[in-house]
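Below you'll find the structure, written out as structure tokens, and then a few comments.
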Amino acid sequence: DASVYRQRTPSLPWDQSEKVTDQYRLIMRRRLSQGAERTFLAAICPPGAAHIDACFSITFSKLPTLVTIAGLGASLPFDFFIKTTGKGDLRDDIARQLPLPEGTPGFSVRTLLLNCLSGHYSNLWRECWNPAFTTECWTKSDHRLPSARFSALDPIWSFNTPLRTDYERRQALIEIDVLAAMELGLTVDELCTIYRVQFPVFRNYEKNTWYDCNGRIVYLAGDQSCGLSTPDWKKRRHLDRIERTITDDTLPGGPRQRTIIYEAPFDQCDREEDYRTAWAEFERRRA
């Protein structure tokens, strides 16, 4: 029962009165697939959640450190580091080898905007808040990347705080990849080579993803959960407006019908080009 479960849950080494499940943690899938889209899969787990041994989690005494590691864990350079171990199981031996560079406000705010998707993360957002978050801006100019995204942030989390469009979330990950590569001493050419050579499945998805003018994925080849099916996309891609009705069972109250609207123009992105654009902009800001 719940009381026995909590009694058996490990306590924090720096505070025996609290359990590891009372804290935000970095949770990772133990199984490492070398041939999948990504090898290292990690996210920030909110307090109160537990897991079985199919996962591996780490608790941190300082929340900013957790955020830094979570951002690195979402980056391509970190994923490549895990790949080079050649192992199929993530345990303490690999976790202890992970580098821990100094985090920056720009790196932290992008990580938090990707992870703090619900009220369960409001305390994490408040505890890690830095006024410097509001001085950040995107490295790419696009109407789907609002210029006020960062300047409008404040210490109190709300539904509008996190990144929710596919296009914004992709751009944040692009910039996290670049910032992580810079912190780890890579060059932009090395980052592009890692992406091109070591992540063929991920690269194929990137080459076959189309976005609408509002930042939604309208088509992703091989994944019908992210937009239209291939036959439907080929038949309707020339339209200015596409409606798609789905059965949404993600909310309380049971399944319901929902209509998603995609608006033209539809376009694709070039990840290597975006890497180079972001790299040049971050270098300019550091100068």
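The values are calculated or read from the model by the stated rules, or taken from the named source; none is laboratory data. Note that the structure is a prediction, hence the values are computed from the model and not measured. Please note: Cβ atoms are built from the backbone with ideal geometry, for glycine as well, and neighbour counts cover all protein chains shown. Surface accessibility is based on the protein's heavy atoms, side chains included, excluding ligands, DNA and RNA. Shrake-Rupley method; radii C 1.70, N 1.55, O 1.52, S 1.80 Å.
Quick look at the values:
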| item | result |
| --- | --- |
| Part-to-part distance (alpha-carbon centres) for the stretch 209-227 and the stretch 25-50, which is given in Å | 24 Å |
| Descending semi-axes in Å of the stretch 216-270, equivalent ellipsoid built from Cα gyration tensor | 23, 12, 11 |
| Alpha-carbon centroids, the stretch 72-96 and the stretch 109-130: separation in whole Å | 24 Å |
| Cα-based reach from Lys140 at 23 Å (exclusive), listing lysines while leaving out same-chain residues under 8 positions away | Lys207 |
| For the stretch 181-287, alpha-carbon Rg relative to the globular expectation (2.2 N^0.38 Å, N residues) | 1.39 |
| Two-site FRET efficiency, Leu63 against Asp232, from Cβ-Cβ distance with R₀ of 45 Å, rounded to 0.05 | 0.55 |
| For the stretch 165-172, Karplus couplings with θ = phi - 60° (6.51, -1.76, 1.60), whole Hz, Gly/Pro x | 8, 4, 5, 5, 5, 4, 5, 4 |
| Protection proxy ranking, peptides 168-181, 48-61, average beta carbon neighbours within 10 Å, highest first | 168-181, 48-61 |
| Alpha-carbon centroid distance for the pair the stretch 255-271 / the stretch 141-169, whole angstrom | 18 Å |
| Net length gained if the chain between Val4 and Glu273 were fully extended (0.36 nm per residue, minus Cα distance) | 91.5 nm |
| Theoretical ellipticity at 222 nm over the chain - DSSP helices of four or more residues, -39500 (n - 2.57) apiece, nearest 500 | -11000 deg cm²/dmol |
| Residue of Asn160, Asn123, Asn214 that the Gaussian network model of the chain assigns the largest fluctuation, springs spanning Cα pairs under 10 Å | Asn160 |
| Label-to-label distance, nm, for residues given as Leu239 and Asn208 (7 Å Cα→Cβ offset) | 2.3 nm |
| Pairwise FRET efficiency - Thr187 versus Ala221, Cβ, R0 = 30 Å, nearest 0.05 | 0.45 |
| Sulfur and carbon atoms: percent of accessible area, the chain [1.4 Å] | 52 percent |
| Kirkwood-based shape ratio for the chain, expressed as Rg/Rh from alpha carbons | 0.97 |
| For the stretch 141-146, Karplus couplings with θ = phi - 60° (6.51, -1.76, 1.60), whole Hz, Gly/Pro x | 9, 7, 5, 7, 10, x |
| Per residue accessible area in Å² of the chain, where ligands, DNA and RNA are left out and the probe is 1.4 Å | 52 Å² |
| Convex hull volume per residue for the stretch 82-162, taking Cα atoms only, in Å³ | 158 Å³ |
